[in-house]
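Data block below; observations after.
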Amino acid sequence: MIKLFNFSLLSLACFLVFVEPNKINAETFRINSTTVDGNYRISDDAIVNYSRINLSSVLSLEELNEAYTNILETGLFKKIEFSREGSALTIFVEEYPTINEISFEGNRRFTDDRLTSFLSLKPRYVVTPKSLEKDLESIAALYKNSGRLSARIQPKLINLSDNRVNLIFEIYEGEIAEIERINFVGNRAFSDRRLRRVLRSKQAGLLRRIITRDTLVTERIPMDKRLLSEFYLERGFADFKIYDVNAELSEEKDGFFISYNIKEGPKFSFGKIEISSDLREIDVDKFRKFMKINPGEVYSPKSIQEVVSRLEGALQSRGYNFVRVNPKINRNIEDLTTDITFVLEKGDRVFVERIDITGNTATLDRVIRRQFFIVEGDPFNPNEIRAAKERILALGLFSETSVDLYPGSTSSQIVVKVKVEEKPTGTLSFGAGYSSASGLGGIVEYSEKNFLGRGQGLSFSIRTGADDRLYELSFFEPMFLRNDLGLGMNLSLKDTTKQNAAYDTRNVMFQPFIIYPLGQKAKLKVDYSVIQTDLSNPGLVGTIVTDEVNEGKITSSSIGYELTNDSRLYKSGQKNGFLLKVGQQFSGLGGDNTGLKTLIMAAAQKEAFKEEVKFSAVVEAGVLTYTSGNSRVTDRFFLSSNKMRGFEPGGLGPRECSNKQCSTGTNDALGGENFTVLRLEAEFPFGLPEEYGLSGGIFYDIGNVWSLTKVNDNVLYEAGSWRHSIGASIFWKTPIGPLRFNFTEALEKELYDKDESFDLTISTRF
């Protein structure tokens with residue numbers, strides 16, 4: 001707990017002194033005049049008005065006590081006394097002091113400006129015990145949330161003339177109390193390591209004394225409990241419970257030990273799935289196709305809710321606006337199955353009166369409002385309200401979102417109130433990156449996900465390496481003209497200086513595009529691209545590259561599409577399923593060439609062995625054909641280390657060498673107009689403490705790049721051959737960024753291929 005020093009009467013001069021009014025012999029008395037003494041800032045008339053004493057009236061002792069209380073309740077005075085001589089009443093007061101200036105001592109973690117922003121007190125404000133206590137609590141909470149639980153804050157008042165004071169906050173910040181260990185009691189199906197991945201709170205890292213990985217934030221515990229419950233429920237553990245969560249501070253007060261006491265219960269699967277209706281006019285057989293749950297599947301509340309959403313959407317599209325879907329659940333303990341009957345029943349005729357939005361200061365109302373697929377006057381659909389809340393959260397613009405319902409002006413109307421809490425959406429990053437292929441490079445990146453409060457995305461980045469430079473600008477409007485249509489633009493410039501080649505390149509691209517969703521899992525991207533490429537400053541190169549350099553700048557104008565279908569299930573950090581991408585670019589809308597470029601990628605991912613091991617498989621292929629003009633090295637495919645491990649960039653595929661001898665003279669990697677690659681990988685834990693951030697992997701790659709339209713006698717491997725490589729990886733999640741070490745052995749290669757046995761990549765942001 002944050003320790004706050006109690007401040008004394010003498011040191012702060014801030015405690016109220018309660019002085020009873022002078023004893024008066026008579027039970028009643030008449031006051032004809034009042035005088036005020038001791039006041040500096042507050043006028044006599046104001047103090048008399050505070051007392052509510054009526055002159056020339058007969059007062060009782062009780063009424064005088066009431067006058068004392070009236071002045072006291074203003075909170076402006078630390079001392080009040082009454083005295084009477086005959087019919088004259090004197091009110092003596094001692095005002096609380098005003099603040100001349102506020103300063104801080106001992107603060108290193110937070111700047112003076114940062115601390116000042118948490119204060120209600122300001123210069124020229126009156127300082128009272130209540131206001132001071134409030135500000136002490138605010139500063140204490142700030143240090144508490146930053147993990148400095150042993151911090152102490154001592155206020156100090158320096159008296160000045162004219163009842164003024166200098167307020168000094170003396171701060172002892174203390175050490176950071178990080179999360180030393182997170183343990184679980186009662187888990188059998190999943191390891192502690194897997195469950196820690198679910199939580200927002202994380203254990204302290206290996207370099208905790210250098211860079212803080214995480215601290216205990218008590219407000220995060222409810223979120224972690226919800227995430228843990230969702231994790232188990234989505235995996236069939238319908239009876240999962242969290243009994244309690246204990247957080248114990250170490251004796252050194254520099255670390256917490258958090259323990260979750262849980263009960264997993266049995267794992268259920270779906271049994272019988274039925275649909276019925278209480279309404280004769282509805283033929284339930286027409287709606288069975290929307291119940292995409294099969295018996296034997298793992299029980300999941302999310303799957304049930306998705307069926308409810310599909311059924312209610314189908315009912316609404318057919319004019320049944322006030323029919324609700326009520327899933328009735330029957331649990332079978334004997335075989336651990338859950339029978340679900342989706343009952344279609346008549347709902348109340350309720351309409352949306354209005355949608356109120358609060359909490360958004362930077363974000364425009366329409367950004368939030370367009371996440372609702374219903375408007376004022378539409379039939380109320382609770383399922384759509386829940387879906388709208390999820391869409392608002394998915395924007396990534398708000399840290400907290402609540403959607404509550406209130407009665408409207410009539411019994412048939414309802415008011416939807418949305419309250420959001422905005423979070424920072426803009427970032428300016430400075431960083432560095434390293435790879436064995438491109439060496440050390442710098443990164444400057446700016447991104448804003450809520451540009452001008454319109455929910456638009458804007459980003460700009462500069463990436464420089466030892467022999468390459470990349471400048472990128474992108475803009476995206478997620479809801480252009482209609483709720484489900486996105487509009488964007490990409491602009492890039494890339495220069496290379498003899499990067500794995502004996503020539504320089506320049507690539508300039510302008511690409512506007514639209515994105516249209518084709519359901520929950522699929523989307524279509526259509527774009528128009530203008531690309532200008534240039535080869536220059538050749539060194540010792542062969543005839544093919546020489547001819548391509550002599551062509552000068554080439555402009556390609558194309559229209560293309562990319563179809564994406566992502567069926568992976570994102571459940572509590574789990575990504576099982578398939579991803580398919582198919583894209584084509586048709587060039588010839590102006591420009592210097594006409595052709596077709598086709599790319600296909602298919603990926604599958606599966607977590608197994610209690611979700612400790614992740615298996616992945618990726619296959620990619622590409623075909624480049626021209627009906628006019630020729631391909632250049634800037635257009636053709638290369639299998640870089642991120643596609644085919646075990647080889648240098650340009651290390652495999654067609655190449656032109658002097659007299660087919662690549663050991664001397666020219667040695668130009670030409671790339672190919674066709675490629676295929678398959679990557680298989682398994683990632684697994686080492687069994688070391690999680691805070692080390694270390695895990696391992698093994699992989700197998702097979703690939704080939706081949707085919708050239710223009711060849712000569714000095715070109716090798718144009719027909720292509722399959723290369724194979726195997727390897728092992730070490731993954732290290734460090735405070736400065738994720739590191740990956742690849743140790744590779746090329747099993748099958750050609751004589752003049754350039755293989756690579758080790759590769760290191762690192763990237764970070766500052």
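Key figures for this structure:
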| item | result |
| --- | --- |
| Segment 317-334: number of residues that are closer than 24 Å to residue 280 by Cβ and not hydroxyl-bearing (Ser, Thr, Tyr) | 10 |
| Any pair with Cβ under 7 angstrom, 6 or more apart, that starts in segment 331-349 at a residue that is within 16 Å of residue 305 (Cα to Cα) and ends at one that is surrounded by 12 or more Cβ atoms within 10 Å (Cβ to Cβ) and of a type in the set (D, E, K, R) | 338/331; 339/272; 341/274 |
| Selected residue (criterion: surrounded by the fewest Cβ atoms within 10 Å (Cβ to Cβ)) from residues of segment 64-89 that are β-branched (Val, Ile, Thr) and under 25 Å from residue 164 (Cα atoms) | 74 |
| Those residues of segment 344-355 which are surrounded by fewer than 16 Cβ atoms within 10 Å (Cβ to Cβ) and either touching a strand residue (DSSP E or B) at 6+ places or on another chain (Cβ under 7 Å) or at pLDDT 90 or above (or both), in sequence order | 345, 346, 354 |
| Only listed residue being within 36 Å of the chain's Cα centre (by Cα), modelled with pLDDT of 90 or more and outside the structural domain of residue 195 (by TED's automatic domain parsing), chosen from 698, 736 | 698 |
| Matching residues, segment 665-680, being over 41 Å from the mean Cα position of the chain (by Cα) and either closer than 23 Å to residue 584 by Cβ or not hydroxyl-bearing (Ser, Thr, Tyr) (or both) | 665, 667, 668, 669, 670 |
| Pairs, first assigned by TED's automatic domain parsing to the domain that holds residue 246 in segment 218-230, second surrounded by 13 or more Cβ atoms within 10 Å (Cβ to Cβ) and aromatic (Phe, Trp, Tyr), C-beta under 9 Å, six or more apart | 224/260; 225/260; 228/184; 228/240; 228/260; 229/240 |
| Those residues of segment 347-380 which are more than 21 Å from the chain's Cα centre (by Cα) and among the β-branched types (Val, Ile, Thr), in sequence order | 350, 352, 355, 357, 358, 374, 375 |
| Residue among 443, 355, 414 that is touching a residue at least 40 places away in the same chain (Cβ under 8 Å), closer than 30 Å to residue 738 by Cα and in a strand (DSSP E or B) | 443 |
| Positions within segment 592-620 being closer than 30 Å to residue 501 by Cα, crowded, with 17+ Cβ neighbours inside 10 Å and either in contact with a Phe, Trp or Tyr (Cβ under 8 Å, 6 or more places away or on another chain) or not assigned by TED's automatic domain parsing to the domain that holds residue 507 (or both), in sequence order | 593, 594, 595, 620 |
| Some residue of segment 358-367 being in contact with a Gly (Cβ under 6 Å, 6 or more places away or on another chain) and of a type outside the set (Val, Ile, Thr) | yes |
| Of the criteria (1) crowded, with 17+ Cβ neighbours inside 10 Å; (2) within 30 Å of residue 576 (Cβ to Cβ), which one residue 624 fails | (2) |
| Pair list, Cβ under 8 Å, 6 or more apart: segment 423-436 residue surrounded by fewer than 17 Cβ atoms within 10 Å (Cβ to Cβ), other residue among the polar types (S, T, N, Q) and modelled with pLDDT under 75 | 431/763; 431/764; 432/763; 432/764 |
| Test: residue in segment 201-223 that is of a type in the set (Val, Ile, Thr) and at pLDDT 90 or above | no |
| Unmet requirement for residue 250, which otherwise passes all of (1) at pLDDT below 90; (2) of a type in the set (Gly, Ala, Ser); (3) touching a Lys or Arg at 6+ places or on another chain (Cβ under 7 Å) | (3) |
| Strands (runs of 3 or more DSSP E) enclosed by segment 148-204 - at least 1 residues per element that are under 30 Å from residue 223 (Cα atoms) | 152-159, 178-185 |
| Residue that is free of Cβ contacts under 8 Å to residues at least 24 places away in the same chain and of a type in the set (D, E, K, R), where the choices are 553, 610 | 553 |
| Selection count, segment 39-62, where residues are of a type outside the set (S, T, N, Q) and crowded, with 16+ Cβ neighbours inside 10 Å | 6 |
| Residue among 409, 399 that is farther than 26 Å from residue 326 by Cα, over 20 Å from the mean Cα position of the chain (by Cα) and either of a type outside the set (A, V, I, L, M, F, W, C) or surrounded by 16 or more Cβ atoms within 10 Å (Cβ to Cβ) (or both) | 409 |
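Let's see how each residue does on (1) in the same structural domain as residue 412 (by TED's automatic domain parsing); (2) farther than 20 Å from residue 372 by Cβ; (3) in contact with a strand residue (DSSP E or B) (Cβ under 7 Å, 6 or more places away or on another chain):
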position: 306; (1), (2), (3): no, no, no
position: 313; (1), (2), (3): no, no, no
position: 319; (1), (2), (3): no, yes, no
position: 333; (1), (2), (3): no, yes, no
position: 339; (1), (2), (3): no, yes, yes
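The values are calculated or read from the model by the stated rules, or taken from the named source; none is laboratory data. Computed from a predicted model, the values in this text were never measured in an experiment. Quick reminder, even Gly has a Cβ in these numbers, built from the backbone with ideal geometry, and neighbours come from all protein chains shown.
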